[in-house]
1. Rolling a 1.4 angstrom probe over the protein heavy atoms, how many square angstrom per residue are accessible across segment 79-207?
2. Any idea what the dipole of segment 32-191 comes to, in debye rounded to 20, about its Cα centre with Lys/Arg Cβ at +1 and Asp/Glu Cβ at -1?
3. Is segment 159-208 rounded, prolate or oblate when judged by the Cα gyration tensor, a ≥ b ≥ c being the square roots of its eigenvalues, rounded requiring a/c under 1.5 and prolate requiring a/b larger than b/c?
4. Dividing the convex hull volume of the Cα atoms of segment 124-175 by its residue count, what figure in Å³ per residue is obtained?
5. Of 117, 201, 43, which is farthest along the charge dipole of the chain in the positive direction, counting Lys and Arg as +1 and Asp and Glu as -1 at C-beta?
6. Taking the Cα centre of the chain as the origin and placing charges on Cβ (Lys, Arg +1; Asp, Glu -1), which of 146, 81, 181 is farthest toward the positive end of the dipole?
7. For segment 147-186, what does the alpha-carbon gyration tensor say about shape, rounded, prolate or oblate, given a ≥ b ≥ c as the root eigenvalues, a/c under 1.5 as rounded, and a/b over b/c as prolate?
8. Quick one: helix 83-92 against the long Cα principal axis of the chain, what's the angle to the nearest 10°, folded into 0 to 90?
Amino acid sequence: MSGHILVATGTRREAAALTQPDFRVIPGGSDAAGLRARLQIEAQGARGIMSFGFAGALDSSLTLGDWVIGNRLAGTYETECDPVWAQALVVQIPGARMGAFYADGRLISNVAEKHALGATHGALAADMESHIAAQIAAERGLPFAIVRCISDEASHILPPAIAVVMQPGGGIDGWAMLRSVLSNPGQVPKLTSTIGGFIRAMAALKRGAALIRPD
């Protein structure tokens with residue numbers, strides 16, 4: 001089938017993990033409007049839209065590096081994922097679980113909220129871009145898929161520095177992180193743990209990304 005697979009993700013580091021030539025990856029960072037605009041442009045000629053990258057666990061059975069394939073999206077925009085594509089992705093990534101995602105554009109950092117969202121929506125994981133990608137797919141009549149790797153567990157509290165580090169376009173703002181740490185040094189142990197988790201998750205993301213086929 002001709003055309004590219006359009007991919008929405010969070011950061012440039014996540015985008016760099018998906019190197020296959022048929023994927024056109026757009027890192028959105030914290031800029032929802034910018035991500036939407038770029039996806040609308042790049043959707044021309046696409047044969048499908050995928051949400052890819054890191055996700056936060058809402059289900060306590062998920063651990064760092066686990067993969068989740070979406071069959072349904074809840075949150076700001078609710079839709080079903082393409083079932084044939086989802087099943088193909090489960091086969092491509094051994095051990096991946098299939099289930100629902102939640103997305104409303106926020107970074108879900110509070111443990112109680114993670115558990116509540118998971119229970120309310122029957123969702124396994126959450127991310128910040130799937131709702132935008134799903135809307136563009138629906139507008140264009142394109143199949144939609146979610147394939148993401150767990151970078152923080154449901155019991156893990158994300159420190160404030162993580163919420164400010166992402167730049168529009170997918171860059172990482174180290175100065176913003178430093179300012180957050182200086183204003184709240186008590187978060188350093190949790191930040192160190194979080195960064196360690198991201199490093200482990202990035203290794204898993206790269207391994208799994210290499211298995212994803214665009215056909």
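1. Per-residue value: 45 Å².
2. 200 debye
3. Verdict is oblate for segment 159-208.
4. 107 Å³
5. Highest projection toward the positive end goes to 201.
6. Positive-most Cα among the choices belongs to 181.
7. It comes out oblate by the Cα gyration axes.
8. 60 degrees
The values are calculated or read from the model by the stated rules, or taken from the named source; none is laboratory data. Source: prediction; values computed, not measured. Note: ideal-geometry Cβ built from the backbone for every residue, glycine included; neighbour counts use all protein chains shown. The area values use the complete protein model at the heavy-atom level, side chains included, leaving out ligands, DNA and RNA. Shrake-Rupley method; radii C 1.70, N 1.55, O 1.52, S 1.80 Å.
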